[in-house]
1. In this structure, does residue 63 turn out to be more than 16 Å from the chain's Cα centre (by Cα), over 30 Å from residue 137 (Cα atoms) and aliphatic (A, V, I, L, M)?
2. Just give me the residues in region 55-90 being touching a helix residue (DSSP H, G or I) at 6+ places or on another chain (Cβ under 6 Å) and over 26 Å from residue 104 (Cα atoms), in sequence order.
3. Does region 61-69 contain at least one residue that is in contact with a Ser or Thr (Cβ under 7 Å, 6 or more places away or on another chain) and not aromatic (Phe, Trp, Tyr)?
4. Does region 31-51 contain at least one residue that is farther than 30 Å from residue 152 by Cα and either of a type in the set (D, E, K, R) or at pLDDT 95 or above (or both)?
5. From the set of residues in region 116-134 that are of a type in the set (Phe, Trp, Tyr) and part of a helix (DSSP H, G or I), which is farthest from residue 69 (Cα to Cα)?
6. Determine, yes or no, whether residue 113 is touching a His at 6+ places or on another chain (Cβ under 9 Å) and either touching a residue at least 12 places away in the same chain (Cβ under 8 Å) or part of a loop (DSSP other than H, G, I, E, B) (or both).
7. Of the conditions (1) without any contact (Cβ under 8 Å) to a residue 60 or more places away in the chain; (2) within 24 Å of the chain's Cα centre (by Cα), residue 58 fails just one. Which one is it?
8. Among residues belonging to region 52-62 that are part of a loop (DSSP other than H, G, I, E, B) and modelled with pLDDT of 95 or more, point out the one that is surrounded by the fewest Cβ atoms within 10 Å (Cβ to Cβ).
Amino acid sequence: MNRRNTMNALTFTHTLSKAVPRKLEAWLSHDLIAAVSRLGLAGIFWLSGRTKTDGWLNVSDTALLLFEQDYALPLIPPLWAAHLATYAEHLFPVMLVLGLGTRYAALALLGMTAVIQIFVYPSAWPTHLSWAAPLLYLAGRGAGRWSVDHWLCRGRC
């Protein structure tokens, strides 16, 4: 390759390396990332909550047994833990989908994830880390414009 072709290739590469990130930033806005994070996390926790119920919000006998044997926590009685986890896994996903109290819901689910990581499934850290990353993002940045939070705050929060 001669010098001119080399310079053209370098110029093209440099231009492309500047243009691609700008396009990605425009397409992958905070609003889109927050909405996808909210919906994805809501699905994970909602489905987990549904496995703990008989009917709508009746904690199943199986869930109670799991909290007595496999999910035993050091400070909370199994009956309380089963009910708290079941209700949390129904309430906070709804809040995430709506984008209502998103930062609070994200922090609550982050706390729940930490408890699961520390006391229940310590070897599942890759899964819990993949939940923690978007939860931290939502706690820090909020729900975005496609949310009830944004509508209630009129963009001030």
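1. Values: more than 16 Å from the chain's Cα centre (by Cα): yes; over 30 Å from residue 137 (Cα atoms): yes; aliphatic (A, V, I, L, M): yes.
Yes: the conditions hold for residue 63.
2. Selection gives 64, 68.
3. Narrowing region 61-69 to residues in contact with a Ser or Thr (Cβ under 7 Å, 6 or more places away or on another chain): 63.
Now restrict to residues that are not aromatic (Phe, Trp, Tyr): 63.
Scanning region 61-69 turns up at least one residue that is in contact with a Ser or Thr (Cβ under 7 Å, 6 or more places away or on another chain) and not aromatic (Phe, Trp, Tyr).
4. Initially, region 31-51 is screened for residues farther than 30 Å from residue 152 by Cα, giving 51.
Now restrict to residues that are either of a type in the set (D, E, K, R) or at pLDDT 95 or above (or both): 51.
So far as region 31-51 goes, yes, one or more of its residues are farther than 30 Å from residue 152 by Cα and either of a type in the set (D, E, K, R) or at pLDDT 95 or above (or both).
5. First pass over region 116-134, keeping only residues of a type in the set (Phe, Trp, Tyr): 119, 121, 125, 131.
Keeping just the survivors that are part of a helix (DSSP H, G or I) gives 119, 125, 131.
Details: 119: 12, 125: 21, 131: 25 Å.
Selected residue: 131.
6. Working: touching a His at 6+ places or on another chain (Cβ under 9 Å): yes; either touching a residue at least 12 places away in the same chain (Cβ under 8 Å) or part of a loop (DSSP other than H, G, I, E, B) (or both): yes.
Answer is yes for this residue.
7. In the conditions (1) without any contact (Cβ under 8 Å) to a residue 60 or more places away in the chain; (2) within 24 Å of the chain's Cα centre (by Cα), residue 58 misses (2) alone.
8. We begin by selecting, within region 52-62, every residue part of a loop (DSSP other than H, G, I, E, B); these are 52, 55-57, 60.
After this cut, where a residue has to be modelled with pLDDT of 95 or more as well, the list is 52, 60.
Details: 52: 22, 60: 15.
Of everything passing the filter in region 52-62, 60 is surrounded by the fewest Cβ atoms within 10 Å (Cβ to Cβ).
The values are calculated or read from the model by the stated rules, or taken from the named source; none is laboratory data. Note that the structure is predicted; figures quoted are calculated from it, not measured. Glycine also receives a Cβ, built like all others from the backbone with ideal geometry; neighbour counts cover every protein chain displayed.
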